[in-house]
């Protein structure tokens, strides 16, 4: 018997998170997200108040900014929060799509050592099917 292996996702490439960087000062925080997509790196950035409660939303905004720099449709991060289920922390991100009436919702399991990565993954989860059908 002969088996061949081929990629199922030849025309629906997804972006990969290369890194999430965060810098803070007394009066501001800046989050930079680097996505690798289609052979290139795409950088997104978002700044805001330094409060820890705002940083998940900054991660979501920086992730969406990186997608926009890749020439993808613009989305807006509405909210980012954490919820618990089955003793696991889940990143939850709501994104508005200018084409749809309802928000897009994405989730990801929060890594114990990198909450920012969880919010970046949840943001991509929210928009992954929308960015393929532009």
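Data for the structure
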{"read-out": "Subset of the range 14-42 [touching a residue at least 60 places away in the same chain (Cβ under 8 Å) and outside any strand (DSSP E or B)]", "value": "14, 15"}
{"read-out": "All positions within the range 73-120 that are touching a residue at least 40 places away in the same chain (Cβ under 8 Å), part of a loop (DSSP other than H, G, I, E, B) and surrounded by 14 or more Cβ atoms within 10 Å (Cβ to Cβ)", "value": "73, 75"}
{"read-out": "Residue in the range 57-67 that is without any contact (Cβ under 8 Å) to a residue 12 or more places away in the chain and outside any strand (DSSP E or B) present", "value": "no"}
{"read-out": "Sole residue being within 10 Å of the chain's Cα centre (by Cα) and under 21 Å from residue 15 (Cα atoms), chosen from 75, 119", "value": "119"}
{"read-out": "Unique residue being more than 15 Å from residue 16 (Cα to Cα) and over 12 Å from the mean Cα position of the chain (by Cα) when the list is 39, 106, 48", "value": "48"}
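Every residue, every condition in (1) within 14 Å of residue 124 (Cα to Cα); (2) touching a strand residue (DSSP E or B) at 6+ places or on another chain (Cβ under 6 Å); (3) at pLDDT 90 or above, yes or no:
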| position | (1), (2), (3) |
| --- | --- |
| 7 | no, no, no |
| 47 | no, yes, yes |
| 93 | yes, yes, yes |
| 97 | yes, yes, no |
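The values are calculated or read from the model by the stated rules, or taken from the named source; none is laboratory data. All of these numbers come straight from a predicted model, not from anything done at the bench. All Cβ positions, glycine included, derive from the backbone under ideal geometry; neighbour counts span all protein chains shown.
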